Amino acid sequence: MYSRLRSLKLRRADSRGSAQFVVRDLWKHDLSSYNYVVIFGVDSMMAALHSKLTREMTADCSVIACRFPLPCEPSRTVGEGLDTVWLYKQSDVMRISL
């Protein structure tokens with residue numbers, strides 16, 4: 001609910017109204033057309049997701065991972081424990097994994 005309210009608020013602030021939420025099969029859907037990707041994943045999928053992002057992530061894309069990090073160094077980390085969120089830029093994802 002909060003995310004949808006935040007999206008509506010962002011749409012009003014952004015004259016283009018480009019914020020949208022898309023629910024798709026992550027493994028079948030091409031991510032190259034997105035500027036931001038938010039993932040609430042599980043630890044066992046993050047290495048495979050990292051591989052997918054190295055193939056599909058564009059230079060201006062950012063990934064926000066919640067609960068579990070990707071196997072690479074993030075640009076920024078906020079919170080701790082289960083409330084940790086990691087921000088990755090394309091250059092972070094393209095670096096060699098930890």
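Pick from the stretch 37-76 the residues that are over 13 Å from the mean Cα position of the chain (by Cα) and among the hydroxyl-bearing types (S, T, Y): which of them is surrounded by the fewest Cβ atoms within 10 Å (Cβ to Cβ)?
Of the residues in the stretch 37-76, the ones over 13 Å from the mean Cα position of the chain (by Cα) are 42-45, 47-48, 51, 55, 59, 71-73.
Those left that are additionally among the hydroxyl-bearing types (S, T, Y): 44, 51.
Details: S44: 8, S51: 13.
Ranking the candidates gives S44 first.
Do we have A19 as among the small types (G, A, S) and closer than 21 Å to R95 by Cα here? Can you show your working first?
Numbers: among the small types (G, A, S): yes; closer than 21 Å to R95 by Cα: no.
Spelling it out, it is not the case that A19 is among the small types (G, A, S) and closer than 21 Å to R95 by Cα.
Consider V38 against the criteria (1) closer than 20 Å to V23 by Cα; (2) in contact (Cβ under 8 Å) with a residue 40 or more places away in the chain: it satisfies all of them except one. Which criterion is unmet?
(2)
Quick note: the coordinates plus some simple rules give every number you see, no bench work behind them. A quick note: this is a predicted structure, and the numbers were derived from the prediction, not measured. Every residue, glycine as well, gets a Cβ built from its backbone with ideal geometry; the counts of neighbours run over all protein chains shown.
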